[in-house]
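The block underneath contains the structure these notes are about, expressed in structure tokens.
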Amino acid sequence: MGIEEVDVLIIGAGPSGCVAAGYLQQQHVRIKVIEKSKFPRLVVGESLIPRVMDHFEEAGLLPALQAQNFQKKLGARFIRGEVISDFDFGDKFGKGWDWTWQVPRADFDHTMTQELQRKHVDIAFETAVTAIEFDGTDSLTTIQDKEGNRSQIKARFVIDASGYGRVLPRLLHLDKPSQLNPHSAIFSHVKDINRPAGIEGTQISFDVLDREVWLWVIPFSNGMTSLGIVAHTDFIEQLKGDGGTVEALKRAINLSDFYVKRFANTNFEFEPIHLKNYSAAVSKMFGDGFALTGNSAEFLDPVFSSGVCFATESGILSAKLAYRQLQGEKIDWQVEYADYMERGIRVFTTYVKEWYTGNLQTLFFHRPENLDVKRKICAVLAGYVWNEENPFVKKHDRVIRTMAYMLENS
């Protein structure tokens, strides 16, 4: 069995793996990327948030992505009955990007991998990791391609960006239960022939059907729109009944007064995909010679589109720290990586929890709006969850609950 030697092995070629590879390529590090799927491939996570733009720029991927003319996303809209709460990323607390994209992930991820390959990054598609052994920070990884051929890679560091594949958590037994309640989703794409002009094409919309039930609508620049229903797992199972995912998504659309006319009679481009109990967590985010990034470490909930943001934030940070370690610097991975990422995860976890308790929905839909509060919440929705100058970041564990109580009892 042949052995290949690299400095950094990256498992997964999604956004997290790509920004890690892009950064390390610019530092002239010997890298190899292993990807189980064949690209382009369908995956969820189509609505980005502005913070990710910093990562794509730093990884050298932004020009290639801009050339694709993906749909610009200028904000987010939350609908409950006749009340609509709009968030404009250009009107938020603090500095940062005021727009991002809504993307068919098959095309988006494929663009990034093609750009990396153009820059001579070695990506092995349709190749799976079957085993890994660590000797200090060095590792020996066994891989197998689609023909069944096996080989090994010796690396000085491993970045696991395998997403839902969760390669190292599975092989090293690092999985742990999520602290969030079990929710599930069903989604597909449709030809959006009835899309109105204007705002319908520039932002994601969330139609709140009940406190724990909402429909997402994500328009793309190619005329397609992603439709998905998110709810407690028991509710999703009831929607499915005997009709499967097709019937479940049709029933969900029929529950929406806002969208039923636009989408009731549309056909799905593919059989709707069921993501069951999607939240995930791990017992640790790093170890000797490896770091977990993106969904391989933690996935919260799609309600605020934070998944790709945490993927790219952790992907590029792990790459920076790995590079410094390769240069002989001693890295405190707990402080510089795990603690840093946990601060942002805790903020978004609070917002997800308070969404499902209804407290955050109280803030969103209360009239008249408090524009100062709205700007500070908007910065969180844009992904700037490490800016503790924002009181809705620094005091996240109590400010939403306190304000909701005040509004409900005023």
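Rule-based calculations on the coordinates, nothing more; no lab input. It should be emphasised that the depicted structure is a prediction, and the values quoted were computed from it without experimental measurement. Virtual Cβ from ideal backbone geometry, glycine too; neighbours counted across all protein chains shown.
Sparse packing (at most 15 other Cβ atoms within 10 Å of the Cβ) combined with a DSSP loop state is found for the following trypsin sites (Lys or Arg not before Pro) in segment 100-159: 119, 146. What would the Debye equation give as log₁₀ I(q)/I(0) for segment 131-179 at q = 0.15, 0.27, 0.31 Å⁻¹, counting only Cα atoms as equal point scatterers? With no solvent term, the Cα-only Debye profile gives -0.48, -1.15, -1.25.
For residue 132, the residues whose amide H sits under 5 Å from its own are 142, ignoring neighbours fewer than 5 places away on the same chain, with H placed 1.01 Å from N. The spacing between segment 95-163 and segment 289-329, judged by their C-alpha centroids, is 13 Å.
Pairs to check: 176/276; 73/374; 32/72; 36/119; 374/395. Give those whose C-alpha atoms are more than 23 Å from each other in this structure.
Numbers: 176/276 16 Å; 73/374 18 Å; 32/72 32 Å; 36/119 21 Å; 374/395 15 Å.
Result: 32/72 exceed 23 Å.
What share of Cα pairs, in percent, lie more than 16 angstrom apart in segment 326-368? Summing the P(r) tail past 16 Å for segment 326-368 gives 57 percent.
Using a 10 Å cut-off on Cβ atoms, rank the peptides 311-318, 337-344 from the highest mean neighbour count down. Could the numbers behind the result be given before it?
Values: 311-318: 28.1, 337-344: 17.6.
For the peptides 311-318, 337-344, the packing ranking is 311-318, 337-344.
Kirkwood hydrodynamic radius computed over segment 278-372 comes to 14.9 Å, based on all pairs of distinct alpha carbons.
Considered as an equivalent ellipsoid built on the Cα gyration tensor, segment 83-189 has semi-axes of 35, 21, 17 Å, the largest given first.
Dividing the convex hull volume of the alpha carbon atoms of segment 54-139 by its residue count gives 222 Å³ per residue.
Take every Cα-Cα pair in segment 285-339 and report what % of them are more than 13 Å apart. Intermediate values should be presented prior to the final figure.
Details: 860 of 1485 pairs.
The answer is 58 percent, as a whole percent.
Its residue count N fixes a reference of 2.2 N^0.38 Å for the chain, and the Cα radius of gyration divided by that reference is 0.98. In terms of Cα atoms, the Rg and Dmax of segment 354-408 work out to 10.6, 29 Å.
Each Cα pair of segment 183-275 feeds into the Kirkwood radius, which the Stokes-Einstein equation turns, at 37 °C and 0.692 mPa s, into a diffusion coefficient of 250 µm²/s. Expressed as a whole percent, the proportion of Cα-Cα pairs in segment 4-107 lying more than 17 Å apart is 63%. Taking every DSSP beta bridge that has both ends in segment 1-126, the antiparallel portion is near 60%.
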